[in-house]
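Okay, so here's the structure we're looking at.
The values are calculated or read from the model by the stated rules, or taken from the named source; none is laboratory data. If you're wondering where the values come from, they're calculated on a predicted model, not measured in any experiment. When we count neighbours, we look across all protein chains shown, and the Cβ atoms used for this are built from the backbone with ideal geometry, even at glycine. Remember, those area values only see protein heavy atoms, side chains included, never the ligands or the DNA or RNA. Shrake-Rupley method; radii C 1.70, N 1.55, O 1.52, S 1.80 Å.
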Amino acid sequence: MRFSTTGFAGRFALRMGQAVALAATAAVTVANAQEVVLEELVVTATKRETTMKDTPAAIAAVSGDAIRESQAFSLESFTRLDPSIQVNNRGVGDNQIIVRGISSSGKPTVGLYFDEAVITGLGLDGGSDNQPNIQLHDMERVEVLKGPQGTLFGAGSMSGTVRFITNKPDLSQSAFGFSGSAASVKDGNELYQGEFMANVPLIQDKLGARAVVWGDSGGGYIDQTSSAGFAENVNDQSIWGGRLILASQVTDALKVTATGLYQESEADGSQYFEFGEPDYQNISPTLEPFEDETRLFSLVADYTTDFGVFTATSSYMDRELFFSRDSTPTARFFGLPFDLAYHQGQDISNWSSEVRFASTFDGPVQFVAGAFYAELESEIHNAALFVFDDSGVAPCRFHEDCVANGFASNDINSAINQTNIDQLALFSEVEYKFADQWTGTLGIRYYDADIFEGKIETQALARPPQAVPQVLLNETVSEDELSYNFALAYAATDDTTFYARIASGFRPGGVNDWRSAAARDVIVPPKYDSDTLWNYEVGVKSYSFDRALYTEVSLYRIDWSDQQISLQDPNAIFAYIGNAGKSYVNGVELQINAQPTDSLTLNLGATYTDSRLSEDMPLPPLPSIPYGREGDRVPYSPKWSFAGSAQYEIPFSSDVTGYAGTTFNYRSVSYTAFNSTFGPTNYQELDDYFLMGVRVGVRYGSWDTSIFVDNVTDEVPDLGLRVTGDGYRVYTARPMTAGLRVSTRF
């Protein structure tokens, strides 16, 4: 039986929210008495250092300390600290990021940056963005920039940008750190996590290195009954990685930073269970391993003058992944008696470079201007393979392997897809302080791209073994777009800023596999165009009670047109991307950070997102059949979400401090499709859920020891769903997990 948040958890969530709000209000008297001051967080959302309060846009920032203390090292677990972003999670290394309710198939709507490196996924697999899951170890902070960020961060940032900011080398003093944890998972395998960090000045004040290595192992909790038999906890994961940053203060003006990162991730088996089966029970006949290998290199040079900073960046990311997914329900749908495994191998590389200038003039005008160039290449191998025996494993991975080893008959459909995107962008953003309290911002970005899509069919569907590959797609389209940003800020006091912002965003289009469709007498559009949106928002950011309380509130409206959506022909044989319909989003966002006393820290974020179709969405090429109806909610967009944390510390002596803390988050109901027009299977509900973690520990000198419990209520949340031919698959969180963590910094 699944846990219902309408019972205990729902009431607990309500009480917890009330408690945090009351505690924040209570900060008035205590803070006034003790003069506690919140640290003002510096962000780089405008590609220059500003404070959150003075930046005329909605921003959420989570510190590296908060990430480390809550052990929120994965992208999915990070969302439990901040309600600004949602993640449709489909296991290790497969995440769709959603900001402000903008969600659909096609290319990603949220840009992802690792320092200056672009690491945004490509959106290759059924609506998932395939965003890389680089672990968040030794971070300075994570910034979530809400609303379109296209003028400064490009086409992939239609609804927002997420930026992972790492700790950089300290050139003056050495530092070392270690943390390790061991945990027991309810009805699962033990989970072990660890990291080691070293910061060493190689030449005092001139050259330094900072290295961090990390590893996760175990934690499986999914049981599978396959053709090979029954196996427990098959989704054990293994994540190992490291990062090295070298920084050199070449001269007083010139600083150069080089970064290298490597991470490999593996999941031993199925990472989901079937709805209708008992929780954590998987009945896929074939085995489903996952492998992911990521390499990232970047170089950044900053040259500082009296009037501004010149920056040049270049980065390269290469990602290789392979997974096997059971497709037996599809085989059964077509009356085939054999087990079927779907294999996909991806090799994606992204080289990007940027040069820019950010002014530091003495006068009322400041500006950022620059140019950006990127080349993205991907090669995707797909194969649908029969499994004739009871091993649960196909005897080969892809077509070439099958043919070379005598298993050509196992391959019933396979192809190689290629995508190349070459893009150039020019951008500028100008700030003008035209009065003591008033500042206006105008930003613009010009984007030009050539997009190539190719497909080579190595085995036609349900045909005799194919001897010669056939080119089905070899198309290039060109696109150019403009993005805009207008903002107005009013500094009412030194502690309070009001702002209004209007910004546009877009997402590049692409090419459909129309020749393959035509071979099956299906007509689909040869290409799909970019979709665009306009974001209108007002907000206020304010410190109060002698800066013991920080509050940020924003209200926004988004109008989204020419939506990219995943469509199927009337016979549900061929899938493609089309442009159809318009949507709107009305939303409210609230962030509260409070430091009532030296001992108590409180944080609470809440969002309300009403994301719906503003008109009927036609179904090309049959516009008389609406794919979605006016008023339907946009898929995977919960109306309500909140997340928060609270920590209380008790000093026992000058170097011994005890503490107790909690993190919690809530997501309301969302859905996998607009409606049930095309059958109840496609339209499924992701139940609302409430997750909570607690920790109790003691710091003594440079050491920290704590006991923690994650998923205290042992909930089984719907973090992601995948619709299949006969139902859907549920990706969920790890069951209640309790463990011991030890860390030190010196």
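One table, with the values for the structure above:
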item: Overall dimensions of the chain by Cα: Rg and Dmax, Å; result: 25.8, 82
item: Positive-pole candidate from 109, 518, 197, dipole of the chain, charges at beta carbon; result: 109
item: FRET efficiency for residue 433 and residue 258, using Cβ-Cβ distance with R0 set to 45 Å, rounded to 0.05; result: 0.80
item: Carbon plus sulfur fraction of accessible area for the chain, probe 1.4 Å, in percent; result: 57 percent
item: 0 to 90° range, to nearest 10: angle between helix 8-34 axis and the chain longest Cα axis; result: 20 degrees
item: Peptide ranges 67-79, 277-289, 469-481 listed from the most packed, as the mean C-beta count within 10 angstrom indicates; result: 67-79, 277-289, 469-481
item: FRET E, pair residue 200, residue 400, Förster distance 41 Å, beta-carbon r, rounded to 0.05; result: 0.30
item: Cross-link partners of residue 639 among lysines (Cα-Cα below 30 Å; sequence separation of 8 or more within a chain); result: 53, 107, 146, 541, 582
item: Whichever lysines have a C-alpha closer than 16 Å to that of residue 255, once near sequence neighbours (fewer than 8 apart) are set aside; result: 168, 206
item: Separation in nanometres of the label points that stand 7 Å from Cα toward Cβ, at residue 536 and residue 240; result: 5.5 nm
item: Along principal axes, Cα extents of the range 305-381, largest first, whole Å; result: 75, 23, 13
item: Segment residue 318-residue 173, length gained on full extension (0.36 nm per residue, minus Cα span); result: 48.9 nm
item: Helix-only [θ]222 nm of the chain, DSSP H runs n ≥ 4, -39500 (n - 2.57) each, per residue, nearest 500; result: -2000 deg cm²/dmol
item: Span from the the range 48-71 Cα centroid across to the the range 378-443 one, whole angstrom; result: 30 Å
item: 1.4 Å probe accessible area per residue over the chain, in Å²; result: 39 Å²
item: Shape of the range 72-230, Cα gyration tensor, a/c cut at 1.5; result: oblate
item: Residue 249-residue 442 FRET efficiency (beta carbon distance; Förster radius 35 Å; 0.05 resolution); result: 0.50
